[in-house]
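The values are calculated or read from the model by the stated rules, or taken from the named source; none is laboratory data. What you see is a predicted model, and the numbers here were worked out from it, not measured in a lab. Note that each Cβ is placed from the backbone with ideal geometry, even for glycine, and that neighbours are counted across all protein chains shown. Heavy atoms of the whole protein, side chains included, go into the accessibility calculation; ligands, DNA and RNA do not. Shrake-Rupley method; radii C 1.70, N 1.55, O 1.52, S 1.80 Å.
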Amino acid sequence: MKILVTGFDPFGGETMNPSIESVKRLPDTIAEAEIIKLEIPTVAYKSLSIIKEAILQYQPDIILSVGQAGGRSDITIERVGINIQDFRIQDNEGNQPIDEAIFEDGPVAYFSNLPIKAMVHEIQKAGIPASISNTAGTFVCNHVFYGVRYMLEQEYPTKKSGFIHIPYLPEQVIHKGNIPSMALDVILEGLICAIRAIVENSKDINISCGTIC
Ligand code: PCA
């Protein structure tokens, strides 16, 4: 099995992005799956073209994207990407779409087709906080999550994809006040657990990770 794992470059005035920092430190093999690591720009559509080129080049079975969710306290496995872009800030090339569809002819949303509950469970088993998130936001992470699902549904229906958001690194929050962070080693271990769960669970497990408002 081949898994393409993507991480973003820094955005929004940050000098680092924990997603590419952790992705580039992943081992080359996890649970016998080959791990291909790719940096993508925090830029609408360009990020998707770069992922598409990598799919053509490496033919991965699974595409897992990782992004920074500053302010979240745990590793969150995203359940759903929505067909909207409503950027609160400009992306790294100055794009700021407001209430525009990502793909006009796409459905309103796509669910992840990775075993999201098994991923949460495996991370928690390692003593690392993790949960399901029901929103990937409306910025470039949601754009990539939705856009990759759209591409796979159209062109590679046997391939699977999903998205993980991770907290800030400790060094990013020194001057931010009361904002949570997670050490790089812990994030890295969490990602390895999530990828192991993907390899070992072709179907998801049946546990509740739901929320009541
Ligand atoms: N986080 C942003 C985009 C890039 C990243 O790492 C987001 O959550 O949309």
Exclusive hit being more than 16 Å from the ligand (Cβ to nearest atom) and assigned to a helix (DSSP H, G or I), set 195, 187:
195
Pull up segment 158-185, narrow it to residues that are under 19 Å from the mean Cα position of the chain (by Cα) and under 15 Å from residue 60 (Cα atoms), then point me to the one that is surrounded by the fewest Cβ atoms within 10 Å (Cβ to Cβ).
159
Any chance you could count how many residues in segment 89-105 are open to solvent by 20 Å² or more (accessible area, probe 1.4 Å) and within 20 Å of the chain's Cα centre (by Cα)?
5
Within segment 13-22, residues more than 8 Å from the ligand (Cβ to nearest atom) and part of a loop (DSSP other than H, G, I, E, B) come out as 13, 14, 15, 16
Hey, among the residues in segment 108-156 that are surrounded by fewer than 17 Cβ atoms within 10 Å (Cβ to Cβ), in a helix (DSSP H, G or I) and in contact (Cβ under 8 Å) with a residue 12 or more places away in the chain, which one's farthest from the chain's Cα centre (by Cα)?
125
Within segment 172-184, the residues that are touching a Lys or Arg at 6+ places or on another chain (Cβ under 9 Å) and part of a helix (DSSP H, G or I) are 184
Would you please name the residue that is nearest to the ligand (Cβ to nearest atom), looking only at residues in segment 23-48 that are in a strand (DSSP E or B) and not β-branched (Val, Ile, Thr)?
39
If you scan segment 1-12, which residues turn out to be within 14 Å of the ligand (Cβ to nearest atom) and part of a loop (DSSP other than H, G, I, E, B)?
9, 10, 11, 12
Within segment 3-50, restricting attention to residues that are among the aromatic types (Phe, Trp, Tyr) and over 15 Å from the mean Cα position of the chain (by Cα), which residue is least open to solvent (accessible area, probe 1.4 Å)?
11
